[in-house]
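The values are calculated or read from the model by the stated rules, or taken from the named source; none is laboratory data. Because the structure is predicted, anything quoted here is derived from the model rather than measured. Glycine gets a Cβ as well: all are built from the backbone with ideal geometry, and neighbour counts include every protein chain shown. The protein model used for the area step is the full one, side chains on, heavy atoms only, and it has no ligands, DNA or RNA in it. Shrake-Rupley method; radii C 1.70, N 1.55, O 1.52, S 1.80 Å.
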There are 2 protein chains.
Amino acid sequence: MQKTDLPQGTLDLLILKVVAVEPVHGYAIAQRLDQVSRGVVQVPEGSLYPALHRLENRGLLTADWKQTESGREAKFYSLTRKGRKQFEADSANWARLIQAVGLILGMADGGTR
Amino acid sequence: MQKTDLPQGTLDLLILKVVAVEPVHGYAIAQRLDQVSRGVVQVPEGSLYPALHRLENRGLLTADWKQTESGREAKFYSLTRKGRKQFEADSANWARLIQAVGLILGMADGGTR
DNA sequence: GTCAATATATAGAAGAGCGAGGTATAGGCT
DNA sequence: AGCCTATACCTCGCTCTTCTATATATTGAC
(Lines give C-alpha, C1' and ligand atoms only; values in the text may rest on other atoms or scores of the structure.)
Protein backbone atom coordinates (compact mmCIF):
# COMPACT_ATOMS: atom_id res chain seq x y z
CA MET A 1 0.00 0.00 0.00
CA GLN A 2 2.16 2.87 1.21
CA LYS A 3 5.87 3.40 1.13
CA THR A 4 6.88 4.15 4.66
CA ASP A 5 3.68 3.95 6.63
CA LEU A 6 4.92 6.61 9.00
CA PRO A 7 2.35 7.25 11.73
CA GLN A 8 0.13 10.12 10.69
CA GLY A 9 1.17 13.40 12.29
CA THR A 10 4.82 12.41 12.53
CA LEU A 11 5.82 13.86 9.20
CA ASP A 12 5.50 17.43 10.43
CA LEU A 13 7.79 16.71 13.34
CA LEU A 14 10.44 15.23 11.08
CA ILE A 15 10.26 18.12 8.64
CA LEU A 16 10.61 20.63 11.45
CA LYS A 17 13.66 18.76 12.71
CA VAL A 18 15.40 18.74 9.33
CA VAL A 19 14.68 22.42 8.79
CA ALA A 20 15.86 23.19 12.32
CA VAL A 21 19.32 21.91 11.46
CA GLU A 22 19.67 24.38 8.62
CA PRO A 23 17.48 25.98 5.95
CA VAL A 24 16.80 23.51 3.15
CA HIS A 25 14.52 23.15 0.18
CA GLY A 26 11.78 20.56 -0.07
CA TYR A 27 13.44 18.12 -2.38
CA ALA A 28 16.47 17.97 -0.11
CA ILE A 29 14.30 17.33 2.94
CA ALA A 30 13.01 14.11 1.44
CA GLN A 31 16.54 13.04 0.57
CA ARG A 32 17.84 13.71 4.07
CA LEU A 33 15.00 11.83 5.70
CA ASP A 34 15.74 8.89 3.46
CA GLN A 35 19.48 8.99 4.13
CA VAL A 36 19.43 9.57 7.87
CA SER A 37 16.75 6.94 8.45
CA ARG A 38 18.68 4.52 6.24
CA GLY A 39 15.88 4.18 3.73
CA VAL A 40 13.09 3.63 6.24
CA VAL A 41 11.46 7.03 5.82
CA GLN A 42 10.67 7.69 2.17
CA VAL A 43 8.30 10.59 1.78
CA PRO A 44 6.47 10.82 -1.55
CA GLU A 45 6.15 14.27 -3.06
CA GLY A 46 2.39 14.14 -2.81
CA SER A 47 2.84 14.10 0.97
CA LEU A 48 5.85 16.35 1.26
CA TYR A 49 4.73 19.48 -0.56
CA PRO A 50 1.27 19.69 0.99
CA ALA A 51 2.94 19.25 4.39
CA LEU A 52 5.33 22.12 3.70
CA HIS A 53 2.49 24.41 2.62
CA ARG A 54 0.57 23.43 5.71
CA LEU A 55 3.49 24.28 7.98
CA GLU A 56 4.02 27.54 6.15
CA ASN A 57 0.35 28.48 6.49
CA ARG A 58 0.49 27.75 10.19
CA GLY A 59 3.38 30.18 10.47
CA LEU A 60 5.94 27.59 11.50
CA LEU A 61 8.09 27.89 8.39
CA THR A 62 9.09 30.68 6.03
CA ALA A 63 10.23 30.21 2.46
CA ASP A 64 12.71 32.07 0.26
CA TRP A 65 13.74 31.36 -3.32
CA LYS A 66 17.47 30.90 -3.58
CA GLN A 67 20.00 29.15 -5.73
CA THR A 68 21.10 25.64 -4.93
CA GLU A 69 24.73 24.55 -5.23
CA SER A 70 23.92 23.20 -8.66
CA GLY A 71 22.60 26.56 -9.82
CA ARG A 72 18.88 25.89 -9.83
CA GLU A 73 16.18 27.92 -8.15
CA ALA A 74 14.62 26.30 -5.11
CA LYS A 75 12.48 27.26 -2.15
CA PHE A 76 14.51 27.23 1.03
CA TYR A 77 12.53 26.79 4.21
CA SER A 78 13.55 28.14 7.61
CA LEU A 79 12.02 27.75 11.06
CA THR A 80 10.23 30.72 12.54
CA ARG A 81 10.33 31.32 16.29
CA LYS A 82 6.86 29.87 16.46
CA GLY A 83 8.13 26.91 14.49
CA ARG A 84 10.93 26.29 16.93
CA LYS A 85 8.54 26.37 19.86
CA GLN A 86 6.18 24.02 18.10
CA PHE A 87 9.04 21.67 17.31
CA GLU A 88 10.10 21.56 20.92
CA ALA A 89 6.55 20.88 22.06
CA ASP A 90 5.98 18.21 19.42
CA SER A 91 9.28 16.63 20.19
CA ALA A 92 8.50 16.34 23.90
CA ASN A 93 5.06 15.04 23.08
CA TRP A 94 6.51 12.41 20.79
CA ALA A 95 8.83 11.19 23.55
CA ARG A 96 5.92 11.02 25.96
CA LEU A 97 3.81 9.02 23.52
CA ILE A 98 6.36 6.45 22.49
CA GLN A 99 7.14 5.92 26.15
CA ALA A 100 3.44 5.25 26.79
CA VAL A 101 3.23 2.90 23.82
CA GLY A 102 6.31 1.15 25.16
CA LEU A 103 4.59 0.63 28.49
CA ILE A 104 1.59 -0.92 26.78
CA LEU A 105 3.57 -3.14 24.44
CA GLY A 106 5.65 -4.24 27.39
CA MET A 107 2.62 -5.45 29.32
CA ALA A 108 2.79 -8.98 30.64
CA ASP A 109 1.05 -11.19 28.15
CA GLY A 110 -0.15 -13.89 30.54
CA GLY A 111 0.74 -16.97 28.56
CA THR A 112 0.61 -15.62 25.03
CA ARG A 113 3.45 -17.89 24.09
CA MET B 1 -7.99 19.34 24.66
CA GLN B 2 -6.80 16.81 27.17
CA LYS B 3 -6.97 13.99 24.72
CA THR B 4 -4.07 11.85 23.64
CA ASP B 5 -3.41 12.64 20.02
CA LEU B 6 -1.91 9.22 19.46
CA PRO B 7 -0.21 8.90 16.07
CA GLN B 8 -2.76 7.65 13.59
CA GLY B 9 -2.51 3.92 12.96
CA THR B 10 -1.10 3.19 16.39
CA LEU B 11 -4.46 2.53 17.98
CA ASP B 12 -4.90 -0.78 16.17
CA LEU B 13 -1.55 -1.97 17.42
CA LEU B 14 -2.40 -1.12 21.01
CA ILE B 15 -5.80 -2.79 20.81
CA LEU B 16 -4.25 -5.94 19.38
CA LYS B 17 -1.75 -5.99 22.22
CA VAL B 18 -4.37 -5.65 24.94
CA VAL B 19 -6.52 -8.34 23.37
CA ALA B 20 -3.46 -10.57 22.97
CA VAL B 21 -3.00 -10.63 26.72
CA GLU B 22 -6.48 -12.04 27.28
CA PRO B 23 -9.96 -11.68 25.75
CA VAL B 24 -11.53 -8.43 26.88
CA HIS B 25 -14.48 -6.25 25.99
CA GLY B 26 -14.17 -2.84 24.42
CA TYR B 27 -14.86 -0.71 27.43
CA ALA B 28 -12.17 -2.54 29.38
CA ILE B 29 -9.65 -2.03 26.60
CA ALA B 30 -9.92 1.72 26.96
CA GLN B 31 -9.51 1.44 30.72
CA ARG B 32 -6.42 -0.73 30.46
CA LEU B 33 -4.78 1.56 27.95
CA ASP B 34 -5.40 4.45 30.29
CA GLN B 35 -4.09 2.63 33.34
CA VAL B 36 -1.03 1.00 31.83
CA SER B 37 0.04 4.18 30.06
CA ARG B 38 -0.54 6.13 33.27
CA GLY B 39 -3.16 8.35 31.76
CA VAL B 40 -1.27 9.21 28.59
CA VAL B 41 -3.37 7.10 26.24
CA GLN B 42 -7.05 8.00 26.56
CA VAL B 43 -9.09 6.60 23.73
CA PRO B 44 -12.51 8.17 23.14
CA GLU B 45 -15.36 5.78 22.43
CA GLY B 46 -15.90 7.22 18.98
CA SER B 47 -12.42 6.03 18.07
CA LEU B 48 -12.45 2.76 19.95
CA TYR B 49 -15.58 1.08 18.63
CA PRO B 50 -15.02 1.84 14.95
CA ALA B 51 -11.50 0.49 15.38
CA LEU B 52 -12.82 -2.72 16.90
CA HIS B 53 -15.32 -3.21 14.08
CA ARG B 54 -12.59 -2.55 11.58
CA LEU B 55 -10.31 -5.15 13.13
CA GLU B 56 -13.16 -7.62 13.28
CA ASN B 57 -14.03 -7.04 9.62
CA ARG B 58 -10.43 -7.58 8.68
CA GLY B 59 -10.56 -10.93 10.42
CA LEU B 60 -8.05 -10.05 13.13
CA LEU B 61 -10.48 -10.23 16.03
CA THR B 62 -13.52 -12.33 16.88
CA ALA B 63 -16.26 -11.28 19.25
CA ASP B 64 -18.48 -13.20 21.67
CA TRP B 65 -21.15 -11.90 23.97
CA LYS B 66 -20.46 -12.94 27.54
CA GLN B 67 -21.13 -11.79 31.04
CA THR B 68 -18.73 -9.46 32.81
CA GLU B 69 -17.82 -9.92 36.46
CA SER B 70 -20.41 -7.32 37.32
CA GLY B 71 -23.13 -9.30 35.56
CA ARG B 72 -23.62 -7.23 32.43
CA GLU B 73 -23.50 -8.41 28.85
CA ALA B 74 -20.45 -7.35 26.90
CA LYS B 75 -18.66 -8.25 23.71
CA PHE B 76 -15.43 -10.04 24.44
CA TYR B 77 -12.83 -9.82 21.72
CA SER B 78 -10.16 -12.43 21.06
CA LEU B 79 -7.25 -12.54 18.64
CA THR B 80 -7.52 -14.81 15.63
CA ARG B 81 -4.43 -16.50 14.25
CA LYS B 82 -4.40 -13.89 11.54
CA GLY B 83 -4.67 -11.26 14.23
CA ARG B 84 -1.66 -12.60 16.06
CA LYS B 85 0.38 -12.58 12.90
CA GLN B 86 -0.71 -9.06 12.13
CA PHE B 87 0.17 -7.96 15.63
CA GLU B 88 3.64 -9.39 15.34
CA ALA B 89 4.15 -7.69 11.99
CA ASP B 90 2.79 -4.36 13.22
CA SER B 91 4.85 -4.59 16.35
CA ALA B 92 8.06 -5.13 14.42
CA ASN B 93 7.13 -2.34 12.06
CA TRP B 94 6.49 0.01 14.96
CA ALA B 95 9.94 -0.74 16.39
CA ARG B 96 11.51 -0.11 13.01
CA LEU B 97 9.73 3.20 12.60
CA ILE B 98 10.42 4.67 16.00
CA GLN B 99 14.03 3.71 15.57
CA ALA B 100 14.10 5.61 12.27
CA VAL B 101 12.40 8.62 13.86
CA GLY B 102 14.95 8.42 16.65
CA LEU B 103 17.76 8.58 14.13
CA ILE B 104 16.27 11.66 12.54
CA LEU B 105 15.52 13.45 15.79
CA GLY B 106 19.03 12.62 16.94
CA MET B 107 20.61 14.38 13.95
CA ALA B 108 23.30 16.89 14.77
CA ASP B 109 21.68 20.29 14.75
CA GLY B 110 24.71 22.37 13.88
CA GLY B 111 24.31 25.19 16.35
CA THR B 112 20.57 25.18 16.95
CA ARG B 113 21.11 26.19 20.53
C1' DG C 1 -36.64 7.88 41.19
C1' DT C 2 -32.63 9.69 39.86
C1' DC C 3 -27.79 9.75 39.31
C1' DA C 4 -23.24 7.79 37.95
C1' DA C 5 -20.84 4.19 35.91
C1' DT C 6 -20.83 0.49 32.70
C1' DA C 7 -21.26 -0.95 27.89
C1' DT C 8 -22.26 -0.56 23.08
C1' DA C 9 -23.12 1.99 18.71
C1' DT C 10 -23.30 5.33 14.56
C1' DA C 11 -23.33 9.63 11.78
C1' DG C 12 -20.80 13.61 10.18
C1' DA C 13 -16.83 16.30 9.79
C1' DA C 14 -11.98 17.13 9.85
C1' DG C 15 -7.49 16.12 8.47
C1' DA C 16 -3.39 13.55 6.80
C1' DG C 17 -1.30 11.02 3.30
C1' DC C 18 -0.82 9.02 -1.31
C1' DG C 19 -1.06 8.03 -6.31
C1' DA C 20 -1.08 10.06 -10.47
C1' DG C 21 -0.69 13.38 -12.96
C1' DG C 22 1.71 18.08 -14.65
C1' DT C 23 5.56 21.93 -15.34
C1' DA C 24 10.32 23.24 -15.92
C1' DT C 25 15.53 23.31 -16.07
C1' DA C 26 20.36 21.44 -16.25
C1' DG C 27 23.70 18.27 -17.88
C1' DG C 28 25.21 14.25 -20.36
C1' DC C 29 25.07 11.17 -24.23
C1' DT C 30 24.63 10.01 -28.94
C1' DA D 1 19.50 18.38 -32.54
C1' DG D 2 17.01 14.92 -29.79
C1' DC D 3 16.66 12.23 -25.74
C1' DC D 4 17.14 10.83 -21.09
C1' DT D 5 17.92 11.34 -16.17
C1' DA D 6 18.00 13.95 -12.10
C1' DT D 7 16.57 17.94 -9.90
C1' DA D 8 12.78 20.82 -8.15
C1' DC D 9 8.30 22.36 -7.77
C1' DC D 10 2.98 21.78 -7.71
C1' DT D 11 -2.16 20.07 -7.26
C1' DC D 12 -6.47 17.13 -7.74
C1' DG D 13 -9.11 13.52 -5.95
C1' DC D 14 -9.43 9.63 -3.30
C1' DT D 15 -9.00 6.77 0.94
C1' DC D 16 -8.45 6.09 5.63
C1' DT D 17 -8.37 7.23 10.60
C1' DT D 18 -9.97 9.79 14.28
C1' DC D 19 -12.92 13.05 16.91
C1' DT D 20 -17.25 15.27 18.35
C1' DA D 21 -21.61 14.49 19.33
C1' DT D 22 -25.37 11.81 20.08
C1' DA D 23 -28.13 7.66 21.11
C1' DT D 24 -29.44 3.43 23.66
C1' DA D 25 -29.75 0.18 27.72
C1' DT D 26 -28.49 -1.78 32.28
C1' DT D 27 -26.75 -1.91 37.04
C1' DG D 28 -25.96 -0.28 41.74
C1' DA D 29 -26.03 3.42 44.96
C1' DC D 30 -28.31 7.20 47.28
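Grab the Cα-Cα distance for B:Gln35 and B:Asn93, subtract it from 0.36 nm times how many residues apart they are, and report the gain in nm with one decimal. If you can, show how the numbers build up before the last one.
Values: separation 58, 0.36 × 58 = 20.88 nm, distance 2.46 nm.
So the chain would gain 18.4 nm between B:Gln35 and B:Asn93.
Do you know the relative contact order of chain B, to the nearest whole percent, from alpha carbon pairs under 8 angstrom that are 6+ apart? Each step should come with its number before you reach the end.
Values: 104 pairs, mean separation 29.4, N = 113.
Contact order relative to length: 26 percent.
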Can you give me the long-range amide H partners of B:Phe76? Hydrogens built in the peptide plane at 1.01 Å from N, cutoff under 5 Å, separation of 5 or more residues or another chain.
B:Asp64, B:Trp65, B:Lys66
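Taking the Cα centre of segment A:23-113 as the origin, how large is its charge dipole in debye, to the nearest 20, when only Lys and Arg (+1) and Asp and Glu (-1) carry charge on their Cβ atoms? Before the final figure, lay out each step's value.
Working: 13 positive and 9 negative charges, 51 e Å.
Once rounded to the nearest 20, the dipole reads 240 debye.
With the convex hull built on the Cα atoms of segment A:15-113, state its orientation-averaged projected area in nm².
Numbers: hull surface 34.2 nm².
Averaged projected area of segment A:15-113's Cα convex hull equals 8.5 nm².
Computing the accessible area with a 1.4 Å probe over protein heavy atoms, can you report the carbon and sulfur percentage for chain B?
It is 48 percent, rounded to a whole number.
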Shielding by partners for B:5-13, please: the mean number of other protein chain Cβ atoms within 10 Å of each residue's Cβ.
5
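Calculate the mean, over all residues of peptide B:26-38, of how many other protein chain Cβ atoms lie within 10 angstrom of the residue's Cβ. Can you show the working numbers first?
On the way: counts 0, 0, 0, 0, 0, 0, 2, 5, 0, 2, 6, 9, 3.
That average works out to 2.
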Could you tell me the calculated FRET efficiency between A:Ala28 and B:Tyr27, based on Cβ-Cβ distance and R0 = 45 angstrom, to the nearest 0.05?
0.40
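Find the sum over both chains of the accessible area lost when A and B are paired, probe 1.4 Å, and report it in Å² to the nearest 100. Let's see the in-between values first.
Details: alone 8150 and 8160 Å², together 13010 Å².
Answer for the A-B pair: about 3300 Å² buried.
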For n ≥ 4 DSSP H runs only, could you compute -39500 (n - 2.57) per run for chain A, divide by its residues and tell me the 222 nm figure to the nearest 500?
-17500 deg cm²/dmol
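If you count, for every residue in A:18-25, the Cβ atoms of partner chains within 10 Å of its Cβ, what is the mean? Display every interim value, and only then the final one.
Working: counts 3, 0, 4, 6, 4, 0, 0, 0.
That average works out to 2.
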